[in-house]
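The values are calculated or read from the model by the stated rules, or taken from the named source; none is laboratory data. No experiment lies behind these values; they were computed from the predicted model shown. Here the Cβ positions follow ideal geometry from the backbone for every residue, glycine too, while neighbour counts run over all protein chains shown. We work out accessible area using only protein heavy atoms, side chains counted, and drop any ligands, DNA or RNA first. Shrake-Rupley method; radii C 1.70, N 1.55, O 1.52, S 1.80 Å.
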Amino acid sequence: MGVPQRVAVIGAGAAGLAAVKALRDADVPTVGFEAAERVGGLWVYGAPDSPAYRTLHLNTSRGRTQFADHPMPSDWPDYPDHRRVAGYLADFAERFGLADTIRLRHTVERVTQHPGGTWTVAASGPSGPVEVTVDAVVVANGHNRVPRLPDPGYP
């Protein structure tokens, strides 16, 4: 297929933001979709569908978690809380101009592959339905977005 002409990225948490930036760095036109009203993914405590809880902290050190081209502040604790991490991700998006690529408050409803390899991403947003056709799709919606609770009958 070669280099994609346009890519959709679903999700604007850490992985989605990293994907958008990498694609932009490679001069690949990109459109992002984020269901929440701000970037940050699961780190945005109190956002609809966020699994974040009041005492959430990184479980990997900031040195191992930070982006190489956007270090976390050196005066932060080794394991920052959700507030700091959400702010860090928002700062990352701002610093590298990613916000203009991401459609906030857009929930992806369907992704359809077409013969020939293109994809249509259908989303609903504040101004109604949106459909874009792209050459590739990156799904970065977060593996912790939907809680997996034990069966209530489990002893």
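Here the label points at SER61 and THR133, each 7 Å from Cα along the C-beta direction, are separated by 5.0 nm in the simple model.
Among GLY63, GLY128, GLY142, the largest mean-square fluctuation in a Gaussian network model of the chain, built with springs joining Cα atoms closer than 10 Å, belongs to GLY128.
If the chain between GLU37 and TYR154 were fully stretched, how many nm would it gain, using 0.36 nm times the residue separation less the Cα-Cα distance? Please report the intermediate quantities before stating the final value.
Working: separation 117, 0.36 × 117 = 42.12 nm, distance 3.63 nm.
Gain on stretching GLU37 to TYR154: 38.5 nm.
Taking Cα atoms only, the orientation of helix 14-25 departs from the longest principal axis of the chain by about 50 degrees.
Rounded to the nearest 20 debye, what is the charge dipole size of the chain about its Cα centre when +1 sits on each Lys and Arg Cβ and -1 on each Asp and Glu Cβ? Walk me through the numbers on the way to the answer.
On the way: 15 positive and 16 negative charges, 42 e Å.
Dipole magnitude for the chain comes out near 200 debye.
Between SER74 and SER124, the simple label model (points 7 Å from Cα in the Cβ direction) yields a spacing of 4.9 nm. Electrostatic tally near GLY117: other residues with Cβ closer than 14 Å to its Cβ, Lys and Arg +1, Asp and Glu -1, net 0.
May I ask for the longest run of the chain untouched by trypsin sites (Lys or Arg not before Pro) that are loop-located per DSSP and have at most 16 neighbouring C-beta atoms (other than their own) within 10 Å? Each step should come with its number before you reach the end.
Details: sites that count: ARG6, ARG54, ARG105, ARG145, ARG148.
Here the longest run is 55-104.
Spacing of the modelled spin labels on ARG54 and GLN113, each 7 Å from Cα toward Cβ, amounts to 4.6 nm. The length gained by stretching the chain between ALA26 and GLU94 to full extension, at 0.36 nm per residue less their Cα-Cα distance, is 22.6 nm.
With an a/c value of 1.5 or above and a/b not larger than b/c for the gyration tensor axes a ≥ b ≥ c computed over the alpha-carbon atoms, region 1-72 is described as oblate. Selection among THR101, THR118, THR65 by position relative to the dipole of region 60-153 gives THR65 as farthest towards the positive end (Cβ unit charges, Cα centre). In the chain, carbon and sulfur make up what percent of the accessible area (probe 1.4 Å)? Carbon and sulfur atoms account for 52 percent of the accessible area of the chain.
Which angle between 0 and 90 degrees, to the nearest 10, do you get for helix 82-95 versus the longest principal axis of the chain when only C-alpha atoms count? Its long axis makes an angle of about 40 degrees.
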